[in-house]
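Chemist: Okay, here's the structure, questions in a sec.
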Protein chains: 2
Amino acid sequence: MTLSRADLEELDRKDALRQFHARFVLPDGVIYLDGNSLGALPTATPTRIASLIEKEWGRDLIRSWNTHGWIDMQARVGGKIGRLIGAGEGETIVSDSTSINVFKALSAALALNANRRSILSERNNFPTDLYMAEGLLGLLERGHCLRLVEPDEIAGAIDGDTAVVLLTQVSYRTGRAYDMGAITTAAHAKGALTVWDLCHSAGAIPVDFSGANADFAVGCGYKFLNGGPGAPAFITVAHRHQARARPALSGWFGHANPFGFEESYAAADGIARFAVGTPPVLSLAALEVGVDLMLEASINALHAKSLKQFEIFRALMAQELGVHGFSLSSVDGPGGRGSQISYAHPNGWPIVQALIAKGVIGDFRAPDIMRFGFTPLYLGFAELWDAVTILREIMDTRLWDGPEYHRRNKVT
Amino acid sequence: MTLSRADLEELDRKDALRQFHARFVLPDGVIYLDGNSLGALPTATPTRIASLIEKEWGRDLIRSWNTHGWIDMQARVGGKIGRLIGAGEGETIVSDSTSINVFKALSAALALNANRRSILSERNNFPTDLYMAEGLLGLLERGHCLRLVEPDEIAGAIDGDTAVVLLTQVSYRTGRAYDMGAITTAAHAKGALTVWDLCHSAGAIPVDFSGANADFAVGCGYKFLNGGPGAPAFITVAHRHQARARPALSGWFGHANPFGFEESYAAADGIARFAVGTPPVLSLAALEVGVDLMLEASINALHAKSLKQFEIFRALMAQELGVHGFSLSSVDGPGGRGSQISYAHPNGWPIVQALIAKGVIGDFRAPDIMRFGFTPLYLGFAELWDAVTILREIMDTRLWDGPEYHRRNKVT
């Protein structure tokens, strides 16, 4: 059956999530398929940040740490994110960046599993997770190693020397999603712990940290949580590990008595010990606005719409662009992936640049992946038609072959 | 000679820095002596952040990493801070928190001096610096130790096993300042490296990182740099160490080719390798406003005014409050300290709370230190008179003894 724009307009009219579209600032002339890289701006954010700056910082100054609860923000926003990923109360805190939190989680997991030497991960894991593991192993110099295998080999590769399995649940390239419960069960069966990077999961798909019996998780605030550029990240530690899990990055905000200014470190109880230095309050406050908005929607409704958007985008690509050599990199079928679709194409880079120039914002991931994110909170169905129509024009006219689309940017 | 308020008003009239007062938002009824804890809000900040949020994030979305130079902000703002602390071009980057940067600097310094085992510091160093050192040593488990001595013992305690001397130049409690050049020379003479925490130095006193031949420095953005609550911190690494200094926290923003998404870490050239994860852009932008403002003033003029404010505050305390048992904790005399004055008093906590209730905002540092910061960019002389007058009323009437001033806050 051939799809028409009218069919998609009809889906938009029936979309129960459509009300959220007005809660975001979305520029005219833009079809935004990159909310999986930087989420859109909630309409409530400018007012919140202006108030924070002018009333809390400007007027109440240092007193705001107490009177406006700045000191509790990391735990408060962390608790809200915990609800989005199925973690228990008091298991999540906002702190630092995802990279730094990977270091904390890995160092704590290695110490909990001190008689084992191996970190097992996927070769195509998001690179910073692997880089942070390398840096940690460089410090330890105790015979640890980082073992990298293919996604399908993970479960079978867990062995008696595996201290921790470090995986990004949803692949940033293909959108392929691991079954957290199954991999965690396989890891535990062999005595290994798990660290889950949820950057492309939190706010994108239903996650059940507790149900999966997972050990550690980390994730960022600037993608599906709409927390703003470089929003602080989160770290989740299962209650059963909290008393023994030690943050190697032991800073004063994780101290049991930070304003006692004691000479020696004494870890705070619970997840609070995974805080380190003074958090960036402006960025934290913007993150809270995004998370609050996400909590208003049902993650199951978001996921259902995301699956539908994937299916329609895929059908439109086949219908309109079948002859142009796009090869699906994402898992086909209803489960097992995050909220994006990826295609490999040898001219992926200039094609993405031409799309951006025409207002269709996706992104490119080396070596040849064109990536389009679905953010059902603010992305409509008819926009998918328009995006594919523009892509077809770009391909039919070979617009992408213009020299201006071959220039490289610092950030892709 | 007795000082009067009229004398201080006269100093304000002649103050060449007085013009900067109007560049800050300062609430009515407040005498702010805590800019050494959280700097005041520059009047330019709300507009800058509103524009960043609405135009860069909201309108230009992900493209802003390239088109609005977000990707260069850490280096750009770092370069500006470098000028404030006498570092060379390309030696400073903004990244993470001071705590995290202490970890990076210490781990790099220990690796550069790998045949030595000791980190030497001051017992009353700012606690998080010591906590981060503890955490690092806990990972290394190679016989390293943290040696803590008194300030006067530092130079003599550096020996052939000292890998690195870790000091906060200006004591957060007393304001006492180390001579960076002398201690660095003493360290180098014994083959040790130096890590200087400049949290209470940057923007407060003239610092000459290059002239001191220092090795590493770190510092925060939310005190004298007026970058806002939890503003990101900076790290400085001398050019001569950059090629060999490895950040143990090796994240993708410190990679030679971050958007190549390579499997293995390859450190970027120069100071860029000390970046880790995606930086909090909102907080970074606010920091830049504060730093730009600081660069408009002469640090020597600021320092001269700060010395004068110390002298006057001290004279007023002697003149007005001599009988009330305040004991100066700061170094007396023109040099050797930062931009604050501290007094010990057995009832320091409730006295500070009563002062805050009356609009005189200083702070308390355990166990008994009352701390008053001088921020010559926006603090006038007559305000010192008014602060001391209010303190005198509080002491004369024993107002501080009210039960409401004995309650503890989370943040002191």
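Nothing in this text is a laboratory measurement; each read-out follows from the coordinates by a stated rule. These numbers were taken from a predicted model, which means no experiment stands behind them. Glycine also receives a Cβ, built like all others from the backbone with ideal geometry; neighbour counts cover every protein chain displayed.
Chemist: Once the Cβ-Cβ distance between A:ALA344 and B:ARG142 is put in as r, and R0 is 56 Å, what FRET efficiency do you end up with, to the nearest 0.05?
Modeler: The formula returns an efficiency of 0.75 here.
Chemist: Any idea how far apart A:ALA16 and B:HIS406 come out in nm if each label point goes 7 Å out from Cα toward Cβ?
Modeler: 5.7 nm
Chemist: First check a/c for chain B, with a ≥ b ≥ c the square roots of the eigenvalues of its C-alpha gyration tensor; if it is under 1.5, answer rounded, and if not, answer prolate when a/b is larger than b/c or oblate otherwise.
Modeler: Because a/c hits 1.5 or more and a/b fails to exceed b/c, chain B counts as oblate.
Chemist: Give me the Å³ per residue figure for the convex hull around the C-alpha atoms of the range B:55-139.
Modeler: Each residue corresponds to 162 Å³ of Cα convex hull volume.
Chemist: Based on the alpha-carbon gyration tensor of the range B:271-412, what equivalent-ellipsoid semi-axes (square roots of 5 times the eigenvalues) come out, in whole Å, largest first?
Modeler: For the range B:271-412, the semi-axes come out at 31, 21, 14 Å.
Chemist: Shifting gears a bit: Given contacts defined as C-alpha pairs under 8 Å and at least six residues apart, what's the relative contact order of chain A, whole-number percent?
Modeler: 22 percent
Chemist: Find me the longest stretch of chain A that has none of the exposed GluC sites (Glu not before Pro), where exposed means in a DSSP loop (not H, G, I, E or B) with at most 16 other Cβ atoms within 10 Å.
Modeler: Counting only loop sites that pass the neighbour cut-off, the longest clear stretch is A:264-412.
Chemist: So what are the three principal axis dimensions of the protein assembly as shown from its Cα atoms, in whole Å, longest to shortest?
Modeler: So the three principal-axis extents are 96, 54, 53 Å.
Chemist: So what is the 222 nm mean residue ellipticity for chain A from helices alone, if each DSSP H run of at least 4 adds -39500 (n - 2.57) and you divide by all residues, rounding to the nearest 500 deg cm²/dmol?
Modeler: -10500 deg cm²/dmol
Chemist: Subtract the Cα-Cα distance of B:THR67 and B:HIS303 from 0.36 nm times their separation in residues, and report this length gain in nm to one decimal.
Modeler: 81.1 nm
Chemist: According to the square roots a ≥ b ≥ c of the eigenvalues of the Cα gyration tensor, what is the shape class of the range A:104-188, taking rounded for a/c under 1.5, prolate for a/b larger than b/c otherwise, and oblate for the remainder?
Modeler: Judged from the Cα gyration tensor, the range A:104-188 comes out oblate (a/c at least 1.5, b/c at or above a/b).
Chemist: May I ask what percent, to the nearest 5, of DSSP beta bridges between residues of the range A:47-296 are antiparallel?
Modeler: In the range A:47-296, DSSP labels about 35 percent of beta bridges as antiparallel.
Chemist: Something else now. So what's the angle, to the nearest 10 degrees on a 0 to 90 scale, between helix A:127-140 and the longest Cα principal axis of chain A?
Modeler: Tilt relative to chain A: about 20 degrees.
Chemist: Now, a different point. Can you classify the range A:170-250 as rounded, prolate or oblate using the Cα gyration tensor, where a ≥ b ≥ c are the square roots of its eigenvalues, rounded means a/c under 1.5, and otherwise it's prolate if a/b beats b/c and oblate if not?
Modeler: In terms of gyration-tensor shape, oblate.
Chemist: In nanometres, what is the gap between the two model label sites at A:ALA266 and A:GLU150, each 7 Å from Cα along Cα-to-Cβ?
Modeler: Here the answer is 5.4 nm between the modelled labels.
Chemist: Can you list, bin by bin at 10 Å, the percent of alpha carbon pairs in the range B:223-345, starting at 0?
Modeler: 11, 24, 25, 20, 12, 6, 1
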